[in-house]
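K.L.:
Right, I'll just put the structure down here and ask away after.
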Amino acid sequence: MAFPELLIIYLVYFGGSSAVTAIGTAMGYEGFLGLPSFAAGALAVGIISGAYQAEVFRGAYLAIPKGELEAAQAIGMNRSLRFRRIIGPQVFRFAIPGIGNVWQLSLKDSALVSVTGLADLMRTSQVAAGSTRQHFLFFIVGGCLYLIMTSFSDRIFNSAEKRANRSMPTSLGQA
């Protein structure tokens, strides 16, 4: 069952504030105790990202040929050695592209955190555009900053993917 990202942010922010208030009331504090916007936003985006990453790693583990795992067990490798030499490197190699996608998704989801009152990049662009009446300029700058962040992180993930695949044979005709 999948929940929309915005719903998870609302649940963490408002549900977390209710839980903190309930704990405070149980300890004798009277009044509302709110969860900090940054903490709630970071926790919510972390939960969302963690759920996607778990699926990426599960898929990467399932992509390992079963024959390799059976062969490692047949020659007497213990679990830790099997993980270090066979499972870990291959899961990492298979998971890098998916983790890169999850990172891009987390960058996108960070804009949703503005519903908690936290000023993210696009919310700051919106406030600046509203006060100066230069909407085009500030939204272009905000979009360019997102483009710079995604381009930079894309290069990092491409480099990591090339490094992880350097021992794998390439197809004929590819550089």
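The values are calculated or read from the model by the stated rules, or taken from the named source; none is laboratory data. Everything numeric here is computed off the predicted structure, so don't read it as measured data. Because the Cβ atoms are built from the backbone with ideal geometry, glycine has one as well, and the counts that use them run over all protein chains shown.
K.L.:
With (1) at pLDDT below 85; (2) closer than 20 Å to GLY50 by Cα as the list, and ILE99 as the residue in question, which single condition is left unmet?
P.N.:
Here ILE99 clears every test but (1).
K.L.:
Just one of ALA160, ALA128, ALA60 is over 21 Å from ALA44 (Cβ atoms), in a helix (DSSP H, G or I) and modelled with pLDDT of 95 or more; which is it?
P.N.:
Values: ALA160 fails: modelled with pLDDT of 95 or more; ALA128 fails: modelled with pLDDT of 95 or more.
Exactly one of ALA160, ALA128, ALA60 is over 21 Å from ALA44 (Cβ atoms), in a helix (DSSP H, G or I) and modelled with pLDDT of 95 or more, namely ALA60.
K.L.:
Additional query: What's the number of the only condition in (1) surrounded by 15 or more Cβ atoms within 10 Å (Cβ to Cβ); (2) in a helix (DSSP H, G or I) that SER151 fails to meet?
P.N.:
The number of the failed condition is (1).
K.L.:
Consider the range 50-97. How many of its residues are touching a Phe, Trp or Tyr at 6+ places or on another chain (Cβ under 8 Å) and small (Gly, Ala, Ser)?
P.N.:
Summing the residues that are touching a Phe, Trp or Tyr at 6+ places or on another chain (Cβ under 8 Å) and small (Gly, Ala, Ser) in the range 50-97 gives 4.
K.L.:
Hey, can you tell me all the residues within the range 51-62 that are aliphatic (A, V, I, L, M) and touching a Gly at 6+ places or on another chain (Cβ under 8 Å)? Before the answer, list the steps.
P.N.:
To start, the set of residues in the range 51-62 that are aliphatic (A, V, I, L, M) comprises 51, 54, 56, 60, 62.
Listed by number, the residues that qualify are VAL56, ALA60.
K.L.:
Could you grab me the full set of residues in the range 116-125 that are buried (at least 17 other Cβ atoms within 10 Å of the Cβ) and part of a helix (DSSP H, G or I)?
P.N.:
Listed by number, the residues that qualify are THR116, LEU121, MET122, SER125.
K.L.:
Read through the list (1) in contact (Cβ under 8 Å) with a residue 60 or more places away in the chain; (2) under 30 Å from SER151 (Cβ atoms), then give the number of the only condition that TYR10 fails.
P.N.:
If we test TYR10 against (1) in contact (Cβ under 8 Å) with a residue 60 or more places away in the chain; (2) under 30 Å from SER151 (Cβ atoms), just (2) comes out false.
K.L.:
I've got another one for you. So if I check each of PRO36, PRO89, PRO65, which one is exposed (fewer than 12 other Cβ atoms within 10 Å of the Cβ), out of contact with any Gly (no Cβ under 8 Å at 6 or more places or on another chain) and not polar (S, T, N, Q)? Please lay out each step first, then the result.
P.N.:
Numbers: PRO36 fails: exposed (fewer than 12 other Cβ atoms within 10 Å of the Cβ); PRO89 fails: exposed (fewer than 12 other Cβ atoms within 10 Å of the Cβ).
Just a single option satisfies the conditions, and that option is PRO65.
K.L.:
Here's something else I'd like to know. In the list GLY46, GLY76, GLY88, which residue meets the criterion of being more than 30 Å from SER17 (Cβ to Cβ) and assigned to a helix (DSSP H, G or I)?
P.N.:
Numbers: GLY46 fails: more than 30 Å from SER17 (Cβ to Cβ); GLY76 fails: assigned to a helix (DSSP H, G or I).
None of the other options fit; the residue is GLY88.
K.L.:
Here's something else I'd like to know. Given the structure, is PHE14 surrounded by 14 or more Cβ atoms within 10 Å (Cβ to Cβ), out of contact with any helix residue (DSSP H, G or I) (no Cβ under 7 Å at 6 or more places or on another chain), hydrophobic (A, V, I, L, M, F, W, C) and part of a helix (DSSP H, G or I)? Explain how you work it out, then say what you get.
P.N.:
Values: surrounded by 14 or more Cβ atoms within 10 Å (Cβ to Cβ): yes; out of contact with any helix residue (DSSP H, G or I) (no Cβ under 7 Å at 6 or more places or on another chain): yes; hydrophobic (A, V, I, L, M, F, W, C): yes; part of a helix (DSSP H, G or I): yes.
Against the criterion (surrounded by 14 or more Cβ atoms within 10 Å (Cβ to Cβ), out of contact with any helix residue (DSSP H, G or I) (no Cβ under 7 Å at 6 or more places or on another chain), hydrophobic (A, V, I, L, M, F, W, C) and part of a helix (DSSP H, G or I)), PHE14 qualifies.
K.L.:
Now for a different question. With the structure loaded, tell me whether GLU70 is acidic (Asp, Glu), exposed (fewer than 12 other Cβ atoms within 10 Å of the Cβ) and in a helix (DSSP H, G or I) or whether it fails that test. Spell out the reasoning first.
P.N.:
On the way: acidic (Asp, Glu): yes; exposed (fewer than 12 other Cβ atoms within 10 Å of the Cβ): yes; in a helix (DSSP H, G or I): yes.
In short, yes.
K.L.:
Right, something else. When you check LEU112 against the structure, is it buried (at least 16 other Cβ atoms within 10 Å of the Cβ) and not in a helix (DSSP H, G or I), yes or no? Spell out the reasoning first.
P.N.:
On the way: buried (at least 16 other Cβ atoms within 10 Å of the Cβ): yes; not in a helix (DSSP H, G or I): no.
It is false that LEU112 is buried (at least 16 other Cβ atoms within 10 Å of the Cβ) and not in a helix (DSSP H, G or I).
K.L.:
Something else about it: Being out of contact with any helix residue (DSSP H, G or I) (no Cβ under 8 Å at 6 or more places or on another chain) and touching a residue at least 40 places away in the same chain (Cβ under 8 Å) is the filter here, so list the residues in the range 126-150 that pass it.
P.N.:
none
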